[in-house]
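Input: a single structure, listed below in structure tokens.
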Amino acid sequence: MSILSLHNVSKSFGKTEIIRGVNLDIQAGERHAIIGPNGAGKSTLFHLISGKYQLSSGRITFRDREIQNLPPYEIARLGLARSFQVTNIFPRLSVFENVRCGMLWKQGLGYSFRHLLGSQTELNVRAMQLLEEINLADRADFPAGELAYAQQRALELGVAIASGADLIMLDEPVAGMSLSEAEAAVSLIRKITEGKTLVMVEHDMNIVFGVADRISVLVYGEIIASGSPQAVRANPKVQEAYLGEAALAEAGGNDA
Amino acid sequence: MGRFAAWVGYLIVLLGLPQLFDSVLAITILNQMAIAIVFALSYNMLLGQGGMLSFGHAVYFGLGGFMAVHALIMIEFETVYFSITLIPLVGGLIGLMAAIFIGSFSTHKAGTVFAMISLGIGELVAASSLIFVSFFGGEAGVSADRTFGPPFFGIEFFQDVEIYYLSAGWVFVSTVFMYLFTQTPAGRMANAVRDNPERAEFIGYSARRVRFISFCTSGFFAGVAGGLFALNYEFITEENLNAVTSGRVLLMAYIGGLGYFIGPIIGAVLLTLMNSLLSNYTELWMLYLGIMFVLTVLFLPRGFAGFIMMHQTAWLRGKLSSLIRPYLITGIPAIMFSGSILAAIEMLHHNGEPFGFLFLTLDSGSMLHWLGLTTVGAASYFACRRSIGQLKAAWEEANRVGDATEGGPG
Amino acid sequence: MLEVFVFSTLNGLVTGLLLFMLASGLTLIFSMMGVLNFAHASFYMLGAYFAYSISLKLGFWAGLLLAPLLVGTFGALVERYALRRVHAHGHVAELVFTFGLAFLIEEAVQFFWGADTKNYQSPDLLDFPLFTLFGQEFSAYRGFMITISVGIFLALYYVLTRSRIGIIIQAAITHPHTVANLGHNVPLIFMAVFGVGTALAGVAGVIAGPVLTTFPGMAVVLGSIVFVIVVIGGLGSLGGAFVASLMIGLLQSYAIASNLGMPDLLNLLGLEFSRDHPLNDLWTLTLPQIAPVLPFLLLVLVLIFRPTGLAGKREE
């Protein structure tokens, strides 16, 4: 069953077409990786889906509901969460509060100024549990801006999944991490996206082939291949787009 | 438990101060402080907690105050009749209504755009108040008499000290509610939106709506402060709506410390004291205020509250006492240096005529005085320079993080 | 009627060009550093006061030459030793700092020069009517103001678009890191731009002082309006600031000169209200009354409907 569908999605900035007629189906419960060379438009695609950018044309449906051009907060409320390539947390709030804020809407607290958060036991317990899962429980009261880089990435992840969303979109979650840090991050991602749908932008082919059920390849704003890892690996168009696997092993890099 | 004790302490201080300081001047100052505390706390909801810099906050204070004065007039002429203890509520409601209206179009963005809109609105309202003379009384303002309301448990509020206790009650209740607001989802999300409005949207919150809620609540309490003002002075003018008053509350909040709930309280107390006491000793107190403000922004960006809280780590580790000596050997020369600068400024100001400076009589005509001043200034400057290294070392020692920061998840 | 129109146009032009002198410096500074210099009009005031003191000893022309230099130097020092420090704490801190600076400068001016209005005189050389139209004189000094303003703008335009340093500045405005990587001393450029921007404000003060009166409140009078102009014109756009300056200068000039008001509008609609009507203040409102606040009304409207201003480039 398809949880997220893109129908002929296009996005232009002025005269430059970044995304050209992308069609994509994400199946519920699967782990789907989006790969592609630098500048292919992967982050732009994420921005389009999560509501940061408006589409130039096309449709996006989430659980059969059209979500294109909705404001980000409405999309988030429907159960779609995302993380960012450049860490995007709340630096002056504590680690605990970062995560708790992520849970507020789902908990039904909305814009209330009548509920005191201190006495929301269930909420606080769940927030602590999440911190345990992402191994930041001992840093709970630290200001988030003072964490080490890898810990901030973990918090970034935590805030994204705090809302209990069914579709988690991660934009280069292990960017800038050392090998051991990345390995730890990946097993964390696997653990916390259990039972949910995961869409991940990633450069590291080892991670991609280790984690993904299906892969889509985005080149110059178009999906040139989509399918199982083996099929994509063997696809001549993909091999042509990438000059061998060595070039893919570069971590990081910017997208349009 | 510590929190509860702090609140009880706060209440005790509020109620006990007039027992300690019972002169007429003291009561006047305490009343001014009460008004300033509520006003500054309301401002901090916007700036410190919401990240919205407003140059026009006096609008809500002033509008609340004007309505409150008119309410007093209506009570006097029995158009309406209710206890004047509710007057601050009248002010608050007007402040809220104004904030709802103005907030509906000014909270789309924070940052410079918000600041500029607030500036524009502030100027418009202040100018309008001079045009609509029937409500605002023009340059003469509006005055009233608070003693015509129904007695409150026998009190008719002829005396300033009675007004103080009423104000203290409102200050306490307002502080409690403003504090509690910070502990609610709306209050916490206000912090989140301040830190990262984009991310807040991606976790399901409209940044605009969050800002709007903070804006309205802040307007309400500013109006309450305006109501307290009306009760205290029984008189209000355009000045209480204009940019000068808006600037003053910004100063209070900033000097006190934006990032801490207690900061604006400190700032309000400090500035009220400077305003009322210092102005008796020197004509230049505004200049000193300006200097202090600029120095605070440059060197103490977290304000006085921030300065105090900086010592929290050292205090928690029991190392606070190790800082006492370095502070003394650096602080005393620093104070003497500042004193000599102040004396020099005052000397220039009192060109030729002798005047009293603390316990001395100085005369700018006297070469000896100038020589003495330069010597004291230079000596204290160098003493301070020499000691500052020790202070830095002691500081680092007291604050050193013992364990190394771990890396990576898992 | 025509006479009123011509003279208010001329006066509006003088004011508008003066405002642009202030707004251009502010825009340059904002484009470069992202900070709206609240104290910009204070440098204008310093220009007037410095020129006044200099003119007492050395005459007006020496003041015209030296005062902007003094102001610009002071501005550069402020940037180097204070603003740069505060920059690290974010935009809000910068705005608050410049606000505090404005306050401090106003107090300092009163300390050094006193709180009274200074008798800063325009030079005798220009004390003649440039032309007489419809029986009213237009003083040569105002003509001089226009000439100086235009001359400075042409020089500014030339430097920014034709000279090497101008190109570097334009580049540093949008891509400071790239420019730094190319080996240019970006901090120095920032300091220089701030210095030039404030010096421009100083020049405005030097030539406006005799006409708009030199007193400690002169910064407050113009300060807010300059902000309005920069915001309306579009934060970061010199062209927009130019259009907005002239627009506001002319608008205010016409509003003050005209006698139109609500009574005329009510007449047109055939309505009439008694003097006891609660909203009587509104029904008797005239344009000259609201002239001082028209810029702010415009500001709020523009910010609501077009937050990037009329020609805005850089958005906060």
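The values are calculated or read from the model by the stated rules, or taken from the named source; none is laboratory data. The structure presented is a predicted model; accordingly, all values stated were derived computationally and were not measured. Here the Cβ is made from the backbone with ideal geometry for all residues, glycine too, and neighbour counts use every protein chain on show.
Tell me, please, whether a residue that is modelled with pLDDT of 90 or more and either farther than 16 Å from B:Trp170 by Cα or out of contact with any helix residue (DSSP H, G or I) (no Cβ under 8 Å at 6 or more places or on another chain) (or both) can be found in the range B:17-25.
no
Just for helices (runs of 4 or more DSSP H) wholly inside the range C:204-288: which have at least 3 residues that are in contact with a Phe, Trp or Tyr (Cβ under 8 Å, 6 or more places away or on another chain) and touching a residue at least 40 places away in the same chain (Cβ under 8 Å)?
C:218-233, C:238-257
Could you tell me which of the residues B:Ala110, B:Ala115, B:Ala99 is in contact with a Pro (Cβ under 8 Å, 6 or more places away or on another chain) and closer than 30 Å to B:Gly187 by Cβ? Outline the logic, then answer.
On the way: B:Ala115 fails: in contact with a Pro (Cβ under 8 Å, 6 or more places away or on another chain); B:Ala99 fails: in contact with a Pro (Cβ under 8 Å, 6 or more places away or on another chain).
Only one candidate qualifies: B:Ala110.
Return the residues of the range C:273-294 that are of a type outside the set (Gly, Ala, Ser), closer than 21 Å to C:Ser258 by Cα and either under 19 Å from the mean Cα position of the chain (by Cα) or more than 9 Å from every other protein chain (Cβ to nearest Cβ) (or both); say none if nothing qualifies.
Within the range C:273-294, C:Trp283, C:Thr284, C:Thr286, C:Leu287, C:Pro288, C:Pro292, C:Val293, C:Leu294 meet the criteria.
Need the failing condition index for B:Gly226 against (1) closer than 26 Å to B:Ile73 by Cα; (2) within 14 Å of chain A (Cβ to nearest Cβ), just the number.
Tallying (1) closer than 26 Å to B:Ile73 by Cα; (2) within 14 Å of chain A (Cβ to nearest Cβ), B:Gly226 fails exactly one: (2).
Scan the range C:295-309 for residues that are farther than 20 Å from B:Val133 by Cβ and either more than 8 Å from chain B (Cβ to nearest Cβ) or aromatic (Phe, Trp, Tyr) (or both) and report the count. Before you say what the answer is, go through the steps one by one.
As a first pass, look at the range C:295-309 and keep what is farther than 20 Å from B:Val133 by Cβ: C:295, C:298-309.
With the extra rule that they be either more than 8 Å from chain B (Cβ to nearest Cβ) or aromatic (Phe, Trp, Tyr) (or both), the set shrinks to C:295, C:298, C:301-302, C:305-306, C:308-309.
Total meeting the criteria: 8.
Out of the residues in the range C:47-99 that are of a type in the set (Phe, Trp, Tyr) and either crowded, with 17+ Cβ neighbours inside 10 Å or at pLDDT 90 or above (or both), which is farthest from B:Leu46 (Cα to Cα)?
First, pick out the residues of the range C:47-99 that are of a type in the set (Phe, Trp, Tyr): C:49-50, C:52, C:60-61, C:74, C:81, C:97, C:99.
Filter once more, keeping what is either crowded, with 17+ Cβ neighbours inside 10 Å or at pLDDT 90 or above (or both): C:49-50, C:52, C:60, C:74, C:81, C:97, C:99.
Values: C:Tyr49: 37, C:Phe50: 39, C:Tyr52: 42, C:Phe60: 47, C:Phe74: 33, C:Tyr81: 29, C:Phe97: 18, C:Phe99: 17 Å.
Of everything passing the filter in the range C:47-99, C:Phe60 is farthest from B:Leu46 (Cα to Cα).
Considering only the range A:127-150, how many residues are closer than 24 Å to A:Lys106 by Cβ, assigned to a helix (DSSP H, G or I) and not charged (D, E, K, R)?
Count: 7.
Given the criteria assigned to a helix (DSSP H, G or I), under 14 Å from A:Arg100 (Cβ atoms) and facing another protein chain (nearest Cβ under 7 Å), does B:Ala200 qualify?
no
For A:Lys196, only one of the following conditions fails: (1) surrounded by fewer than 17 Cβ atoms within 10 Å (Cβ to Cβ); (2) more than 11 Å from chain B (Cβ to nearest Cβ); (3) under 23 Å from A:Met1 (Cα atoms); (4) not hydrophobic (A, V, I, L, M, F, W, C). What is its number?
With respect to (1) surrounded by fewer than 17 Cβ atoms within 10 Å (Cβ to Cβ); (2) more than 11 Å from chain B (Cβ to nearest Cβ); (3) under 23 Å from A:Met1 (Cα atoms); (4) not hydrophobic (A, V, I, L, M, F, W, C), A:Lys196 is out only on (1).
Counting only residues that are more than 18 Å from B:Gly9 (Cβ to Cβ) and touching a residue at least 24 places away in the same chain (Cβ under 8 Å), how many does the range B:154-171 have? Working first, answer last.
So in the range B:154-171, the residues more than 18 Å from B:Gly9 (Cβ to Cβ) come out as B:154-164, B:166-167, B:170.
Now drop any that are not touching a residue at least 24 places away in the same chain (Cβ under 8 Å), which leaves B:157, B:160-161, B:163-164, B:166-167, B:170.
The number of residues fulfilling the criteria is 8.
For C:Gly114, state whether it is surrounded by 19 or more Cβ atoms within 10 Å (Cβ to Cβ), without any contact (Cβ under 8 Å) to a residue 60 or more places away in the chain and small (Gly, Ala, Ser).
Working: surrounded by 19 or more Cβ atoms within 10 Å (Cβ to Cβ): no; without any contact (Cβ under 8 Å) to a residue 60 or more places away in the chain: yes; small (Gly, Ala, Ser): yes.
No, not satisfied.
Please note which helices (runs of 4 or more DSSP H) are completely contained in the range B:70-158 and include at least 3 residues that are under 26 Å from the mean Cα position of the chain (by Cα), of a type in the set (Phe, Trp, Tyr) and under 21 Å from B:Ile236 (Cα atoms).
The helices (runs of 4 or more DSSP H) meeting that bar number zero.
Against the condition of a type in the set (Gly, Ala, Ser) and touching a helix residue (DSSP H, G or I) at 6+ places or on another chain (Cβ under 6 Å), how does B:Gly95 come out, does it pass? Please lay out each step first, then the result.
Numbers: of a type in the set (Gly, Ala, Ser): yes; touching a helix residue (DSSP H, G or I) at 6+ places or on another chain (Cβ under 6 Å): yes.
Considered against the rule, which asks whether it is of a type in the set (Gly, Ala, Ser) and touching a helix residue (DSSP H, G or I) at 6+ places or on another chain (Cβ under 6 Å), B:Gly95 comes out as yes.
List, please: which pairs have Cβ atoms under 8 Å, are six or more places apart or on different chains, and start with a residue in the range A:127-139 that is at positive phi and end with one that is surrounded by fewer than 23 Cβ atoms within 10 Å (Cβ to Cβ)?
Correct list of pairs: A:Asn135/A:Leu188; A:Asn135/B:Pro409; A:Asn135/B:Gly410.
Hey, any hits in the range B:325-347 for a residue that's outside any helix (DSSP H, G or I), more than 14 Å from chain A (Cβ to nearest Cβ) and crowded, with 17+ Cβ neighbours inside 10 Å?
The initial filter retains those residues of the range B:325-347 that are outside any helix (DSSP H, G or I), namely none.
No.
Which one of the conditions (1) crowded, with 18+ Cβ neighbours inside 10 Å; (2) of a type outside the set (Phe, Trp, Tyr); (3) at the interface with another protein chain (Cβ under 7 Å from one of its Cβ atoms) does A:Leu116 fail to meet, given that it meets all the rest?
(1)
Taking the criterion of being under 26 Å from C:Gly223 (Cβ atoms), at pLDDT below 90, of a type outside the set (D, E, K, R) and outside any loop (DSSP other than H, G, I, E, B), would at least one residue in the range B:250-265 satisfy it?
There is no residue in the range B:250-265 that is under 26 Å from C:Gly223 (Cβ atoms), at pLDDT below 90, of a type outside the set (D, E, K, R) and outside any loop (DSSP other than H, G, I, E, B).
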